[in-house]
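This report refers to the structure that appears directly beneath it.
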Amino acid sequence: MAPGAALIREGEPGERFYFLFAGMLSVSNASMGALEVLRPGDYFGEVSLTMGVPRTATVTAITPAVVASCDRETFDELLRPLFADD
């Protein structure tokens, strides 16, 4: 992913969960502005998948970045239990 490219955009439906392997990404929200910087080892996209809401933030590459993702079905099967409240 090239610097300046948006991977997800606030308000869009969420269908994938992401892992950041290399680079830095910026997380921002229309009402709160810049929220945080993601670094290798961080993940994002879980809010939309676990809560069934549109994306709550925009994630944009600050530097060249390498990400991996999984679809909703894989997330539900393998990762959703990690985000459960029990």
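Restricting to the stretch 15-32, name every residue that is on the phi < 0 side of the Ramachandran plot and in contact with a Pro (Cβ under 7 Å, 6 or more places away or on another chain).
L20, F21, A22
If I ask for residues that are assigned to a loop (DSSP other than H, G, I, E, B) and either more than 11 Å from A65 (Cα to Cα) or not small (G, A, S) (or both), which ones from the stretch 14-35 would you list?
G14, E15, M24, A30, S31, M32
Those residues that are crowded, with 18+ Cβ neighbours inside 10 Å and in contact (Cβ under 8 Å) with a residue 60 or more places away in the chain, I need them from the stretch 44-71; list them, please.
Those that are crowded, with 18+ Cβ neighbours inside 10 Å and in contact (Cβ under 8 Å) with a residue 60 or more places away in the chain: A61, A65, V67.
I'm trying to understand the selection: among the residues of the stretch 44-61, which are hydrophobic (A, V, I, L, M, F, W, C) and either part of a loop (DSSP other than H, G, I, E, B) or under 14 Å from L7 (Cβ atoms) (or both)?
If the condition is that a residue be hydrophobic (A, V, I, L, M, F, W, C) and either part of a loop (DSSP other than H, G, I, E, B) or under 14 Å from L7 (Cβ atoms) (or both), then F44, V53, A57, V59, A61 are the ones that fit.
Which condition does T63 not pass, out of (1) modelled with pLDDT of 95 or more; (2) among the hydroxyl-bearing types (S, T, Y); (3) in contact with a Ser or Thr (Cβ under 8 Å, 6 or more places away or on another chain), if it passes all the others?
(3) is the only condition that T63 fails.
Does R72 satisfy being charged (D, E, K, R), out of contact with any Leu (no Cβ under 9 Å at 6 or more places or on another chain) and more than 12 Å from M24 (Cβ to Cβ)?
Numbers: charged (D, E, K, R): yes; out of contact with any Leu (no Cβ under 9 Å at 6 or more places or on another chain): no; more than 12 Å from M24 (Cβ to Cβ): yes.
Taking the combined requirement at face value, the residue does not satisfy it.
Go through G11, G41 for me and flag whichever is in a loop (DSSP other than H, G, I, E, B) and either free of Cβ contacts under 8 Å to residues at least 24 places away in the same chain or of a type in the set (A, V, I, L, M, F, W, C) (or both).
On inspection, the qualifying residue turns out to be G41.
Quick one: in the stretch 18-43, which of the residues that are small (G, A, S) and surrounded by fewer than 15 Cβ atoms within 10 Å (Cβ to Cβ) is farthest from the chain's Cα centre (by Cα)?
Among them, the one singled out is S31.
Output the residues belonging to the stretch 48-60 that are within 10 Å of F17 (Cα to Cα) and at pLDDT 90 or above.
Across the stretch 48-60, the qualifying residue is only S48.
List the number of the failed condition for E15; all other conditions in (1) of a type outside the set (A, V, I, L, M); (2) touching a Lys or Arg at 6+ places or on another chain (Cβ under 6 Å); (3) surrounded by fewer than 12 Cβ atoms within 10 Å (Cβ to Cβ) hold.
Result: E15 passes all but (3).
What are the residues in the stretch 62-86 that are under 18 Å from G14 (Cα atoms) and either among the basic types (K, R) or part of a strand (DSSP E or B) (or both), if any?
Correct list: V67, A68, S69, C70, D71, R72, R80.
The values are calculated or read from the model by the stated rules, or taken from the named source; none is laboratory data. Since this is a predicted model, take the numbers as computed values, not measurements. Backbone-built Cβ (ideal geometry, glycine too); neighbour counts: all protein chains shown.
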